[in-house]
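A.B. asks: Questions regarding the structure given below will be posed in turn.
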Amino acid sequence: MKIYPMPTFCPACGGQVRVSGLICANPECRTEIRGEYAPNEFALLPPEQLEFMRLYIKTRGNLRKVGGILGVSYPTVISRFNGMLRTLGYEDMEEEPEPSSGPSAEEKEAVLAALEKGEISAAEAAERLRGLKRR
């Protein structure tokens with residue numbers, strides 16, 4: 001029997017799901033446990049962020065190695081790492097919170113993604129990022 005990954009969001013309304021049952025993986029036991037349980041924060045990561053977390057752990061927290069494996073630039077890795085932290089609800093203690101009128105992480109990531117794909121030059125990316133800061 002194929003085992004599928006646990007869904008993290010309701011396919012009908014998009015709300016968060018809760019685990020309502022568990023079953024022993026031992027085929028000779030198969031004990032079932034019923035109740036209502038909240039999954040841990042890592043279980044709620046979307047697949048791409050969960051894979052990023054796995055690579056981060058495999059490389060012992062070396063973000064440069066993660067970037068090499070994924071074939072993306074270091075700024076893109078940092079952006080993805082910060083996105084994962086936001087999804088987990090963790091605060092990045094070293095960064096000052098951005099003012100609400102400043103550029104969003106999504107805007108910055110879009111510029112970095114365009115640079116990575118070769119759609120814009122490094123100079124144009126730098127200019128766009130400076131323009132985001134001026135807003």
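Since every read-out is calculated from the coordinates, none of them should be taken as a lab result. As the structure is a computational prediction, the values presented were derived from the model and not from experiment.
A.B. asks: For Cα Rg over 2.2 N^0.38 Å, the listed values are [x] 1.38; [y] 1.00; [z] 1.27; which was obtained by calculation from the structure presented?
C.D. replies: Structure-derived value, by its label: [x].
A.B. asks: Setting aside same-chain residues fewer than 8 positions from K65, which lysines have a Cα under 26 Å from its Cα?
C.D. replies: Counting by Cα, and skipping residues close in sequence, K65 has these lysines nearby: K108, K117.
A.B. asks: Right, next: Report relative contact order for the chain in percent, whole number only (criteria: Cα-Cα under 8 Å, sequence separation at least 6).
C.D. replies: 14 percent
A.B. asks: While we're looking at this one, here's another question. Add -39500 (n - 2.57) for each DSSP H run of 4 or more in the chain, then divide by its residues: what number comes out at 222 nm, to the nearest 500 deg cm²/dmol?
C.D. replies: The helix contribution divided over the chain gives -14000 deg cm²/dmol.
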